[in-house]
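Structure, as structure tokens:
What follows is calculated from the coordinates using simple rules that are stated; it is not laboratory data. This is a predicted model, so every value here is computed, not measured. A quick note on method: Cβ atoms are made from the backbone with ideal geometry, for glycine too, and the neighbour counts reach across all protein chains shown.
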Amino acid sequence: MFDYSARRQKLSEILDREGIDAMFIGPSSDLEYLSGIERNIPTFGNVSYAHGWVGGAFFKAGSEPAFLLPRMFAEFDLPHGKPENLVVVKETDDGQALFDKVAHSMGKVKTLAIGSRLWGETVMNLTRVFGNPKLVNAERLVNRLRRVKSKEELEVMTRACRIVDETMGAVTASVKPGVTMHELVEQVEHEMRARGSRTASFTTHIFSMGLADERESIDERGSLPLRDGESVLFDFGAVLDGYCSDFGRTIFCGDPTPEYRRAHQAMIDGQAAGQAAAKPGTTAADVNRACRQPIEEAGFGPYFRHRMGHCIGMDVHERPFISEEDQTPLEMGMTFTDEPSIMWHGKVGVRIENIVVCEEKGGRKLNSYPIDLVGNS
């Protein structure tokens, strides 16, 4: 589906232009973007193999990548087949010697780009084998390629958004007195998987807000039954073909109060303003500012306590961030979240979140689920 060779050619041009002699990245979204080698689904505890630190690939301008993988990964975690130019490091091999041999094939390396989340052991061996080269963050280099999405990427992300839209439709009726947030989380994740999501794109967040005796503990909020007069804030995402969605809506248990309706309208206005501002050349900070303005004018500014959003793709949070500190100009094809919220503890809790793609006339939503404030009894 994706032209990995074309992606690597663009990377090669960046490495050459930046004077980067070689780059090493481990199993990650960057490696998946450049090669198609899927990341494993994260687990709570570490999953380790013998010689696990060698895993990854060397990239050099004008050359095909050289891959090293521990045998267990190569044996069980390559569903689409082994890449060319792969060295498999078996349990009984001298992992350091094999790593050094592949590293030396890169030639003289004075400037080395490395993945920002490499194992410490990998970084120590890279600096040893290349004699303390100048280290550069590879993530910012690959991000230049990843931040603007192709037609094929947008098609996949639209389908990932459809999964969460349909999931919300399947779960909405369950929001009624007596249900627990843990039960809603279980239902959301089941519905996403049933519709083709590989996994949740981040920890599913579903919590209630709004009553004066609001439950402050996340565990308590999750295990106690929902009460009439509380709102339920949904925040969840799916993964399809390596790409993430991120989605949010608010369901009110009972008949929403006038203050809830006013807050929700302010949030709709803020979301629309941010979406309209998302044109090429507008800075991320200015888009964030446009989103905040209607919410502040409605008097809810102190309770909009985070940024408008973040770019999204193969990671659920990517740069640039749609936030006050980020002066990056938007480009055609950037995808990001538009997720204003108002969280006034003991009073009002509302949020909406869509994925938006930057286009000439402003942002275009990839989601289709309604944004109205729904009241369930």
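What does the C-alpha gyration tensor say about the overall shape of the stretch 80-148? Classify as rounded when a/c is under 1.5, otherwise prolate if a/b is larger than b/c, or oblate.
oblate
Can you give the Kirkwood hydrodynamic radius of the chain from its Cα pairs, in Å with one decimal? Don't jump to the answer; show the numbers that get you there.
Numbers: mean 1/r = 0.0446 Å⁻¹.
It is 22.4 Å.
What is the Cα convex hull volume of the stretch 76-194 when expressed per residue in Å³?
Details: hull volume 25.0 nm³, N = 119.
Roughly 210 Å³ of hull volume per residue.
Expressed as a whole number of Å, what is the distance separating the alpha-carbon centroids of the stretch 255-293 and the stretch 1-78?
About 38 Å separates the Cα centre of the stretch 1-78 from the one of the stretch 255-293.
Net charge near P79: determine it from the other residues with C-beta under 13 Å of the C-beta of P79, scoring Lys and Arg +1 and Asp and Glu -1.
-2
Shape of the stretch 12-93 from its Cα gyration tensor (a ≥ b ≥ c, root eigenvalues): rounded if a/c is under 1.5, otherwise prolate when a/b > b/c, or oblate?
Prolate shape, in that a/c is at least 1.5 and a/b is the bigger ratio.
Under a GNM of the chain (C-alpha, springs under 10 Å), which listed residue has the highest mean-square fluctuation: G274, G107, G301?
Most flexible of the set in this elastic network: G107.
If the elastic network links every pair of Cα atoms under 10 Å, which of F304, F44, F73 fluctuates the most in the Gaussian network model of the chain?
F44
Using a ≥ b ≥ c from the Cα gyration tensor of the stretch 209-308 (square roots of the eigenvalues), is it rounded, prolate or oblate, where a/c under 1.5 gives rounded and otherwise the larger of a/b and b/c decides, a/b for prolate?
Cα axes put the stretch 209-308 in the oblate bin.
Please state, rounded to one decimal and in Å, the Kirkwood hydrodynamic radius that the stretch 172-254 gives when every pair of distinct Cα atoms enters the mean of 1/r.
Evaluated on the stretch 172-254, it is 13.2 Å.
Round to a whole angstrom and tell me the spacing of the C-alpha centers of the stretch 102-116 and the stretch 138-207.
The stretch 102-116 and the stretch 138-207 have Cα centres spaced 37 Å from each other.
Rounded to the nearest 20 Debye, what is the dipole magnitude of the stretch 1-79 about its Cα centre when Lys and Arg each give +1 and Asp and Glu each give -1 at the C-beta?
For this selection, approximately 60 debye.
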